Every structure is written in structure tokens, then in C-alpha cells.
Amino acid sequence: MSTLRLPGLVDAHVHLREPGYEYKEDFTTGTMAALAGGVTTVLDMPNTNPPTSTPARLADKARRAAAHAVCDVGLFVGATNTEGDAYLPVAPQACGLKIYVSDTFGSLRIDTLALMHRLFRTWATAADQHGYRMQGAEHGLGPITVHAEELMLPVCLALSQIYRVPLHIAHVSRRSEIELIRAAKERDIPVTCEVTPHHLFLSTADLPRLGARGDMRPRLATPDDVAALWENLDVVDIFATDHAPHTLAEKGIGVSEAPAAPPPGVPGLETMLPLLLTAAHAGRLTQEDIVARCADNPRRIYGLPAQPETWIEVDVDAEYELTDAALKTKVGWTPFAGQRVYGRVERVILRGVTVYAQGEVLATPGSGKVLFQESGD
Ligand code: DOR
Ligand code: ZN
């Protein structure tokens, strides 16, 4: 067995579902899944019920995370059509602002240019006061992170360029998108982007096999789109899971009546690292590529504080099959079940304490930190 020591990973895109959808996931089970995947920091999305769109709701979510999480958690605020930029007074206490302009789960989709213009303008104005963490401001703002597919991508790039707002593109899935992001970076637009393991390792060719287990937004793309993500890996700043648990019953699996509108999304926290290490084993990636995109770059882009005495130990030679049964996520399934992988997380040490070892989470709920809560005090 050869043990590899890596920094604690950051997953910059997860949906831990609290409040409102605790039957799918909660801060304890979601962060347990994170530790099992070698992830010691997660950034949680705002499309909960109610959404994280006001100062009071961010404070409520921070209290829940502080009481229950077993790894560190940053919280996004989200814009809504009805509440607009009501989150602004607490912008420095969020890891970033999430804007949805494409089809998604939940009620957060923004519908008008007028509101989009306002959201970028007011985030830039708030940054005039606080600065951006990415540029070194201690109590500054994070980036605007967007779910912007297809023709909505250039809308967001233009607003980012006009207001000089750091823009992060979530889960890029298509050739057209990654190529446009490359061109935007070459022209000094302040843009970064992320790709999920499911868009790197699955395509429309897998849909007949996966059925509803392969339904997420963005949808699985064509094999040519997948090839484009691999060709343009140098443009990809972050690997993030978009861990989006829904129950198999909600997806219409194992139930007699097909649901009218099955929710899109797949869990991913526990399978990202073994999938990436398997690609490294096959020579498609290096360990440095993984550490840059799962630790260093997300820390820089979101201005995350260092986690002292924190690392993970991975048996890189362990070869095994991913199974639903081994998972800590409450929904207990993965689209990668049955796949053989290399690389098993053996131990996770967070701030000098062993919080995960040999398949068991040892941390107590509430031992994770909620990031950025002191800023603005
Ligand atoms: O597949 C997805 N699921 N895409 C999204 O944008 C949202 C997510 C969810 O929250 O379920
Ligand atoms: Zn998401």
C-alpha cells in the first residue's frame, strides 16, 4: 500500500439541503459524506427552502451549520426575483453570491436583464466598500458564481467585464462554453470556471444505462463536449461536485407511479476523489492537477482561510468498486455505482484531530467551522 498525503480538499459546489429538504440531506450527513470523500471544506448553495436570500436566512443557516457540520462550511447567498439583492448587508459573511439564469431545481432563477444588471451593479458597489477576498481583502466579498448555460453565458461575461466583478462559472459542460471562457480569459475578463466529475466522466452515451440517475442540470453532454473539457483542462480552475442529492423515489426509481417532474441532480461528494485519482492512474491527469483544482484554486478564488494541521491520507493503490451501500449521503446512491476505481481515503485530519478513519466519521456534529461569520462584525 502506498499512502499519499494531500491537503484537505475543498468542494466549492454542494447542496446540503438544510433548511427545507432535510429528508434528502442535512448538514451532518452532507458533511459526513464530505469527510468520506476527503473534503474538509464545502461551499453550500442557497437553493434551499426558504432560499438563502436575506440576512436573517443566512444567519439561520449559519446557526444550523455551526451546530451540526463535521467539516468547514461556507454559505452562498442567492438572488431571487422577489427579494432582489436583499442579501447585500451580509455579503461579506457569504462565500459568494449565486445567481441562476438557467433551468434548475428550486425557485431561484432570475428572469430579467433589469434585475441581472442591478445584481452585478450592487455587488460591485459593495466591493468598492469591502474589496474582494480574491484580491486580498480580509473582510471582502467572494465572486459572483453563476449557473449560466448556452446563451446566458455571454450575458454574465459581459456584466462581469462591465463591472469588473470576479465571475465564477459553475459546472461548465459544453464545448461552446469552455471555448468561450478560454477566449474571455485571454481577453482579461475576470472569469474562472469549474467542471464536475459527472460532466468529465459521463456523457449522453451513458443515458440509456443510467436513466433517471443520469438526470441533472446542466444535462449530460455529448462525447464531443466531454472531449472539449479534457482538451481545455488548462482553462478549468476548479473540480467541484454539484453534490445535489434527491431520493431515488423522487426520481421515479423503484416506485410504481412516475413522478410528474423528477428533480434533476446527483450526489457526488464521496466519488470525486477516487474518480480523479483513477484518471490520474490512467495518465489523464496528474496529482498536481487534482490538488490545484480541488484545493489551491478554490481557496484562492473564494478567499478561504487556511486550515492548519489539516490533511488527508489516501491509499492510491487500493482498487475497488464504488457502491451505493458504502455511501454516507442520506440518499444512498451514486450514478457511478459499479465503476472500478483506484484510491481510497484512509484518514482525514482536521486541525490536528482525526475526524475520519477506515470508513468511520469520528468528528462530533458542530466541530466544523462556518466561514466568514466574524467579518463585518
Ligand atoms: O442538477 C442540478 N441539481 N442542477 C442544479 O442547478 C441544481 C441542483 C439541485 O439543487 O438539485
Ligand atoms: Zn448546483
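Each value in this text was obtained by applying a stated rule to the coordinates, not by laboratory testing. Because the structure is predicted, anything quoted here is derived from the model rather than measured. Methodologically, a virtual Cβ is constructed for each residue, glycine included, from the backbone with ideal geometry; neighbour enumeration extends over all protein chains shown.
Observations on the model:
- Scope region 40-59; condition more than 27 Å from Asp103 (Cβ to Cβ) and in contact (Cβ under 8 Å) with a residue 60 or more places away in the chain; matching residues: Thr40, Thr41
- Of note, Ala56 does not satisfy the criterion of being of a type in the set (Gly, Ala, Ser) and either under 20 Å from Pro308 (Cβ atoms) or in contact with a Phe, Trp or Tyr (Cβ under 6 Å, 6 or more places away or on another chain) (or both).
- Thr54 being buried (at least 24 other Cβ atoms within 10 Å of the Cβ), away from ligand 2 (no atom under 16 Å from the Cβ) and among the β-branched types (Val, Ile, Thr): no
- Any helices (runs of 4 or more DSSP H) falling wholly within region 262-364 and containing at least 3 residues that are within 29 Å of His139 (Cβ to Cβ) and within 21 Å of the chain's Cα centre (by Cα): 297-302
- Each residue in region 292-331 was checked for being more than 21 Å from Asp237 (Cα to Cα) and free of Cβ contacts under 8 Å to residues at least 24 places away in the same chain, and 5 of them qualify.
- Residue in region 111-131 that is within 25 Å of Pro267 (Cα to Cα), outside any helix (DSSP H, G or I) and either within 16 Å of ligand 1 (Cβ to nearest atom) or β-branched (Val, Ile, Thr) (or both) present: no
- Matching option when the condition is touching a His at 6+ places or on another chain (Cβ under 9 Å) and among the polar types (S, T, N, Q), among Thr192, Thr247, Thr222: Thr192
- Test: residue in region 293-313 that is within 23 Å of Thr41 (Cα to Cα), crowded, with 20+ Cβ neighbours inside 10 Å, within 16 Å of ligand 1 (Cβ to nearest atom) and among the hydroxyl-bearing types (Ser, Thr, Tyr): no
- Considering region 211-231, the residues that are of a type outside the set (Asp, Glu), surrounded by 18 or more Cβ atoms within 10 Å (Cβ to Cβ) and in a loop (DSSP other than H, G, I, E, B) include one that is farthest from ligand 1 (Cβ to nearest atom), namely Ala221.
- Residue in region 107-114 that is more than 14 Å from Pro46 (Cα to Cα) and touching a Pro at 6+ places or on another chain (Cβ under 7 Å) present: no
- Being within 16 Å of ligand 2 (Cβ to nearest atom) and either assigned to a helix (DSSP H, G or I) or crowded, with 18+ Cβ neighbours inside 10 Å (or both) is a property that does not hold for Pro208.
- Of residues in region 234-259 being within 16 Å of ligand 2 (Cβ to nearest atom) and among the β-branched types (Val, Ile, Thr), the one surrounded by the most Cβ atoms within 10 Å (Cβ to Cβ): Thr241
One line per residue, one yes/no per condition, for (1) in contact (Cβ under 8 Å) with a residue 40 or more places away in the chain; (2) more than 16 Å from ligand 1 (Cβ to nearest atom); (3) closer than 22 Å to Cys294 by Cβ:
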{"position": "Asp234", "(1), (2), (3)": "no, yes, yes"}
{"position": "Ala249", "(1), (2), (3)": "no, no, no"}
{"position": "Pro262", "(1), (2), (3)": "yes, no, no"}
{"position": "Gly265", "(1), (2), (3)": "yes, no, yes"}
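- Being more than 16 Å from ligand 1 (Cβ to nearest atom) and either closer than 25 Å to Asp296 by Cβ or outside any loop (DSSP other than H, G, I, E, B) (or both) is a property that holds for Leu180.
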